[in-house]
């Protein structure tokens, strides 16, 4: 299986690896810093080179138990060949900012409105999350939530990645008020949980990429919302630049 370097360090921009499988339009590596699409977050893109030819990675996905780097050109690589990977860092970093912002937004809505997060999509440009039970989200509520979330972001809270044995993680997350339904969705085969901890404010089980401090986010701007089912509402939000 491919070792996922981002699981421990979200700031790796370049890495060396060895090719373990090839197909016409993708390559599988022994290790990678590219995030494979999942958990609502889009897959990373960037470049792979063997030192003489550089090929665009259009997207990274999981398929048939593999992490596949989808290539923009005919695959020039061979099994056993060493390659150097380089992320499209602007793209990845925006995903990191969006994802941490979404965790804070979801926690805020849980704390203050009793809402449960039932879906999300993290993509550069504008991201979204779905909440229940929520029938309406008027302009006054938008501005109140926006201001509340941005105040938390402005506290410059450190964000920690911690690995815990399954039972310890479940007990810890239950104590912190994490959504029980998400814990129940984790397959029993998963013995170690990756937990994202935003200071004393939030803790959640997550395999996605995040910033190291909330100050890197800048802030959020809540945009349109729409109903997406009985009692469910989708909230779109964009990012504000960090203060310098």
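The numbers here are math on the coordinates, done by the rules we state, and not lab data. As the structure is a computational prediction, the values presented were derived from the model and not from experiment. Every residue, glycine among them, receives a Cβ derived from its backbone with ideal geometry; neighbour counts consider all protein chains shown.
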Value of relative contact order over the chain, rounded to a whole percent, pairs C-alpha under 8 Å and six or more apart: 19
re the range 3-87: pairs of Cα atoms spaced beyond 18 Å account for a percent value of 31
What order do you get for 60, 42, 49 when you list them from fewest to most C-beta neighbours inside 10 Å? 49, 42, 60
Going 7 Å from the Cα of residue 163 toward and past its Cβ, which residues in the range 185-214 have a backbone nitrogen under 17 Å from where you end up? 189-197, 205-210
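On full extension of the chain, what length is gained from residue 181 through residue 18, given 0.36 nm per residue of separation minus the C-alpha to C-alpha distance? Before the final figure, lay out the partial values.
Numbers: separation 163, 0.36 × 163 = 58.68 nm, distance 3.81 nm.
Extra length available between residue 181 and residue 18 comes to 54.9 nm.
For 193, 91, 34, what's the fewest-to-most ordering of other Cβ within 10 Å of each Cβ?
91, 193, 34
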Distance in nm between pseudo-label sites at residue 78 and residue 123 (7 Å out along the Cβ direction from Cα): 3.9
Round to a whole angstrom and tell me the spacing of the C-alpha centers of the range 10-56 and the range 75-148. 22
Hey, rough spin-label estimate for residue 240 and residue 64, points 7 angstrom out along Cα→Cβ, what's it come to in nanometres? 4.8
Distance-filtered residues of the range 42-66 - backbone nitrogen under 14 Å, label point 7 angstrom along residue 31 Cα→Cβ: none
In nm, give the distance between the simple-model label positions of residue 191 and residue 138, each being 7 Å from the Cα along the Cα-to-Cβ direction. 5.4
In the range 106-223, if every C-alpha pair distance is counted and binned at 10 Å from zero, what percent goes to each bin? 12, 42, 37, 10, 0
How high is the FRET efficiency between residue 9 and residue 147 when r is their beta carbon distance and R₀ equals 41 Å, given to the nearest 0.05? 0.80
Just one of (1) 0.94; (2) 1.25; (3) 1.07 is Cα Rg over 2.2 N^0.38 Å as worked out from the coordinates here. Which one is it? (3)
Please provide three numbers in whole Å: the alpha-carbon extents of the range 21-139 along the principal axes, with the largest listed first. 55, 28, 20
Between residue 230 and residue 156, take the C-beta separation as r, use R0 = 25 Å, and let me know the FRET efficiency to the nearest 0.05. 0.05
Only counting other Cβ atoms within 10 Å, I'd like 106, 136, 127 sorted with the fewest neighbours first. 136, 106, 127
Computed Rg/Rh of the range 115-155, alpha carbon atoms with Kirkwood Rh: 1.00
